[in-house]
Amino acid sequence: MTSLALEAKHSVVVLHQLIERIFNQVEGSDDSIDLFLSHFHPEFKMVTPQGKQLDLNEMEALFRQLNGQREGMRIATSEHAIISQQSEEVTIQYRELQMMNGINQSRISLAVLDCSTSIPRWRYLQETLIA
């Protein structure tokens, strides 16, 4: 695995740790959302598991709304696989498991990360629920 691929994998893990923290914390108790947002390219686009398309501003609004709303949720990622690497851009696929109150939900995600900066910036994310 190349160093950029390792950076992309690390970014997936770190970003989901931040998401877990945002879901579990009291709103405004730290700078998790601002740190979370620093991982995204200004032109970020996302397709949610329900098929809704979000830009960076819409995703920010969603996470501000979810701040502290999923107490007890745990998130784990696995099966990280580099799909392609072009110059300093890495496309990675991974499995995400969300666990809360005895209910587990899995999804497979595909992300495109710009690794040209010290913190890789997410350009695109598409999530698909696993039945």
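The values are calculated or read from the model by the stated rules, or taken from the named source; none is laboratory data. The shown structure was predicted, so the numbers you read here are calculated from the model rather than taken from an experiment. Quick reminder, even Gly has a Cβ in these numbers, built from the backbone with ideal geometry, and neighbours come from all protein chains shown. Heavy atoms of the whole protein, side chains included, go into the accessibility calculation; ligands, DNA and RNA do not. Shrake-Rupley method; radii C 1.70, N 1.55, O 1.52, S 1.80 Å.
Observations, loosely collected:
- Any hit, region 1-8, residues being open to solvent by 40 Å² or more (accessible area, probe 1.4 Å) and within 26 Å of Ala131 (Cα to Cα): no
- Apart from one condition, Thr117 fits all of (1) modelled with pLDDT under 95; (2) under 15 Å from the mean Cα position of the chain (by Cα); (3) closer than 26 Å to Ala5 by Cα; the exception is (2).
- Looking at Ser106, Ser116, just one residue is free of Cβ contacts under 8 Å to residues at least 60 places away in the same chain, over 24 Å from Ala131 (Cβ atoms) and not in a helix (DSSP H, G or I), and that residue is Ser116.
- Test result for Glu79, open to solvent by less than 50 Å² (accessible area, probe 1.4 Å) and not in a helix (DSSP H, G or I): no
- Within region 39-60, the set of residues being free of Cβ contacts under 8 Å to residues at least 60 places away in the same chain, in contact with a strand residue (DSSP E or B) (Cβ under 9 Å, 6 or more places away or on another chain), not in a loop (DSSP other than H, G, I, E, B) and not charged (D, E, K, R) comprises Pro42, Gln53, Leu54, Leu56, Met59.
- Any hit, region 89-102, residues being of a type outside the set (Gly, Ala, Ser), at positive phi, modelled with pLDDT under 95 and open to solvent by 20 Å² or more (accessible area, probe 1.4 Å): yes
- When Arg21, Arg64 are checked against the criterion of being touching a Ser or Thr at 6+ places or on another chain (Cβ under 6 Å) and among the basic types (Lys, Arg), a single residue qualifies: Arg21.
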